[in-house]
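Have a look at the structure below, then the notes.
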Amino acid sequence: MFEIFDRNFISLIDQLVIEAARHGASYYPQALKPSVWQGLADEVANDQFTTLTPDPSKTVVEDMEILKIPLGDDNHPLINIVGGRLRDLVQPAVKRLCLTQWKPNEAAAHRYHAGSQALGAHRDFSTDKVLIAVFTTGGSGDFELLNDDGSLHTRWESNPGGLCLMRAPGLNVDAVDDRPLHRALPPKSGTRQAVIYRQVQ
């Protein structure tokens, strides 16, 4: 069985889940082995992405490419493997924290290009459960976690292999709706790629 994750990342998973529960999101650089994040990017390289362009009638700016991937899809075996390994790593952590378990059942790939508006301030879907996991699989770009009033809480640069864990409904069991406000900024050059895992109802 080949290694997927950096060993230091594995040892810190509880801390990262706690941070996401408290603050809305957490980040660990180089969570994935280089061969794995490169493999994830290669697996979707020839797929047909949908191009989203800014629509004045929508409240959220979307200037990016997106590909939805049902987990279990035979055409994306590595995406399935990484999703399964991440689930197996996270489930015991959230159980120890007396939180709802996480069972991702959907993946997506995103591409953000230099010169675009990328993805504006928003909250993810209310139908997501417990956690959203975002692996950067190529390029670099800033992620901003925002306060409810839109001011900046935290910013980090998402680099290849890095993982952002983001709070979704159910991570904090008693919370009514504590989805974090956030945005993805465009890369300064080239293209930032990401693979996202989520549990949808």
| query | What is the number of the single condition among (1) buried (at least 18 other Cβ atoms within 10 Å of the Cβ); (2) of a type in the set (D, E, K, R); (3) at pLDDT below 95 that Arg96 does not meet? | reply | (1)
| note | Expected output for region 175-192 (first residue on the phi < 0 side of the Ramachandran plot and surrounded by fewer than 19 Cβ atoms within 10 Å (Cβ to Cβ), partner hydroxyl-bearing (Ser, Thr, Tyr) and outside any strand (DSSP E or B), Cβ below 9 Å, 6+ apart or cross-chain) is Asp177/Ser126; Lys188/Ser140; Ser189/Ser140
| request: Restrict the check to region 147-167 and report whether at least one residue is over 15 Å from Ala109 (Cα atoms), within 11 Å of the chain's Cα centre (by Cα) and modelled with pLDDT under 95. | output: yes
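Could you identify the single residue in Ser189, Ser158, Ser126 that is small (Gly, Ala, Ser), out of contact with any strand residue (DSSP E or B) (no Cβ under 9 Å at 6 or more places or on another chain) and under 27 Å from Asp73 (Cβ atoms)? Steps first, answer last, please.
Numbers: Ser189 fails: under 27 Å from Asp73 (Cβ atoms); Ser158 fails: out of contact with any strand residue (DSSP E or B) (no Cβ under 9 Å at 6 or more places or on another chain).
Step by step, each of Ser189, Ser158, Ser126 is checked, and only Ser126 is small (Gly, Ala, Ser), out of contact with any strand residue (DSSP E or B) (no Cβ under 9 Å at 6 or more places or on another chain) and under 27 Å from Asp73 (Cβ atoms).
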| said: Please go through (1) farther than 17 Å from Leu67 by Cα; (2) within 15 Å of the chain's Cα centre (by Cα); (3) of a type outside the set (Ser, Thr, Tyr); (4) part of a loop (DSSP other than H, G, I, E, B) for Gln101 and return the number of the only condition it doesn't satisfy. | reply: (2)
| request: State whether the residues of region 49-58 include one that is loosely packed, with under 12 Cβ neighbours inside 10 Å and touching a residue at least 24 places away in the same chain (Cβ under 8 Å). | output: no
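The values are calculated or read from the model by the stated rules, or taken from the named source; none is laboratory data. Keep in mind it's a predicted model, so treat the numbers as computed, not measured. Reconstructed Cβ throughout: ideal geometry from the backbone, glycine too, with neighbour counts over all protein chains shown.
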